[in-house]
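Trainee: Below is a structure I'd like to ask you about.
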Amino acid sequence: MESVGFPLTAKFACPRSFPTRFLPAVHAMASSYKNQFPYRPLPQSYSLPWMPSAYYKTAALKTTLAPFSKSSKKITASEKLPSIYNRTTVFTQYTPEDWYKSNQTNYKEAETSQKNAELLSVDTSLLIEHKCQQTRKTQVESTKNLGVRANDIAFWKSELCHELDEMIGETNALTDVKSRLERALAESEAPLQVAQECLLHREKRMGIDLVHDDVEKQLFTEVDVIRLCQEKMQQFLEKAKGQLESNWAAQHKLEKDLANKQVAHRIDDKCHHLVNTSQGIGYYRGVEQIDATVSVPESWTKFTNDNILLSQRDRAASAKLRDEIENLLVSIANEMWQQFNMVNVAFTNRIAETTDAKRKIQTHLTKTLQEIFQTEKNIEDIKKAIRDQGPPLKVAQTRLDQRTRRPNMELCRDTAQLRLVNEVHDINETVQTLQQQLRDSEVALQMLVHAKSVLQHDLAVKANSLFIDQEKCMGMHKSFPSTTRLLGPF
């Protein structure tokens, strides 16, 4: 059987001998059949029936035999077939087998065409019903989606309205607190001048007296507290201005988004109520190919949600900022007054602290020297331990090198091989750990040497520190103007 779409040629049971003289071949007469049964090979995907190559109708040429009838009986045999008796051979174009196959092919093609036509009719009916149902289902789903969409827009409209009202109230409250903060900032300059004068006198100390001791710390803390209060007030003032701008920007986004939601809700609600009999519907050819959208449901929801979240964050930040400003205005005056008292206490205790510091410095110096000695000994022990790891490493690596010379299948990755490899890794890891410990010990030794130098230098200038703190700074910092006015007009 030939493949589908390829012609099946006629075959004979045994080769036939032909005389040198015979009629023209079949292909010489093919032109008379072209318009009756054209041969058009089809692709196999169409599953068409089998077609022979010698697919012809009855030859158009008239044979020499007369039609059989009663009148022919009166003619003698020599008169009926004079040409046949005179010829040595009879020529035929096809065999009975070709004729039979040609008929069978026609039958099969006719049956296949009928079946295909019947199937096509059934499929057409089913397709029409299916497409109609699909169209109705699609319209129902579209209507449902539009209704859900309109409900979503209505929900976000209510959320936007609520958030917009909250934001307007918060913006007004923040504006009032900002005005109070501006008045308080102008009253914090006087206490700063006294603390800076004390620091100028302490800058005349020499050597280690310029160390950041407790008195120095308290004086700097006093200046820092005042400046920090001013900076905080200035920062909060800038924050309040920036927060107001953020509130206004968030309010503008909410208003714009709300206006867009109102327009979109009106349009989608109208689309939701459209039916096949509604007025105003019409064809807009090519509109489905126009993609004028700038968002998807996720990005659309995220946009409005981000606007609300942004407004909520700004509103929460604004409320938090108002609370912080309220707390700041209450705490700055008490904080500066408390720091002034702490500076006086630090000056009073300075002499006793300096004497005690000298004793402690000497004690720490002795301990530092001892620790330096112990650290140097520890470094030597680590170096010796690193050297001791050399021979075992050589033995393990030599064993591995020797075992690589085993012949053929004796190169087995046995337990001994695995253990030797692990041994080399363990020794290398031990050496790296010891080297890291050595580096840490050397760093610690350098720090100890530096600490020793610092202690020795600090011990030499303590006497000068006692004179400056007791005679100059303490006498100047005993009086401080009243700071009740620092609270300002609240």
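Trainee: Modelling each spin label as a point 7 Å along the Cα-to-Cβ direction, I'd like the Leu274/Glu203 distance in nm, to one decimal.
Mentor: Label-label distance for Leu274 and Glu203, simple model: 8.0 nm.
Trainee: Take Arg149, Arg227, Arg136 and sort them by solvent-accessible surface of the protein heavy atoms, 1.4 Å probe, largest at the top.
Mentor: Arg136, Arg227, Arg149
Trainee: Would you mind checking Lys217/Lys320; Lys217/Lys241; Lys270/Lys302; Lys241/Lys320; Lys178/Lys253 for any pair whose Cα atoms are more than 22 angstrom apart?
Mentor: Where the Cα-Cα span goes over 22 Å, the pairs concerned are Lys217/Lys320; Lys217/Lys241; Lys270/Lys302; Lys178/Lys253.
Trainee: Give, in nm to one decimal, the length gained when the segment between Asp414 and Leu309 is fully stretched (0.36 nm per residue of separation minus the Cα-Cα distance).
Mentor: Contour length minus the Cα-Cα distance gives 31.3 nm.
Trainee: Let me ask something else about it. As an exercise, use a Förster radius of 25 Å and the Cβ-Cβ distance of Leu369 and Leu210 to find the FRET efficiency, rounded to the nearest 0.05.
Mentor: Efficiency, from the Cβ-Cβ distance: 0.45.
Trainee: Could I have the simple spin-label model distance between Asn464 and Ala190, label points 7 Å from Cα toward Cβ, reported in nm to one decimal?
Mentor: A separation of 3.8 nm, rounded to one decimal place.
Trainee: While we're here: Can you give me the C-alpha center-to-center distance between region 399-463 and region 238-300, rounded to a whole angstrom?
Mentor: 68 Å
Trainee: With θ set to phi - 60°, apply the Karplus curve 6.51 cos²θ - 1.76 cosθ + 1.60 along region 151-165 and write out the HN-Hα couplings as whole Hz, x wherever there is a Gly or Pro.
Mentor: 5, 4, 5, 4, 4, 5, 4, 5, 5, 5, 4, 4, 5, 5, 5
Trainee: A further question follows. Which loop trypsin sites (Lys or Arg not before Pro) in region 252-316, with loop taken from DSSP, have no more than 13 other Cβ atoms within 10 angstrom of their Cβ?
Mentor: Arg285
Trainee: Of all the Cα-Cα pairs you can form in region 327-411, what percent are over 18 Å apart?
Mentor: 76 percent
Trainee: So what's Rg/Rh here for region 350-487, counting alpha carbon atoms and using the Kirkwood radius for Rh?
Mentor: Here Rg/Rh amounts to 1.45.
The values are calculated or read from the model by the stated rules, or taken from the named source; none is laboratory data. In this text, all values refer to a predicted model and were calculated from it rather than measured experimentally. Heads up, the Cβs are rebuilt from the backbone with ideal geometry, glycines too, and the neighbour counts pull from every protein chain shown. Each accessible area value is taken on the protein alone, full model and side chains, heavy atoms only, with ligands, DNA and RNA left out. Shrake-Rupley method; radii C 1.70, N 1.55, O 1.52, S 1.80 Å.
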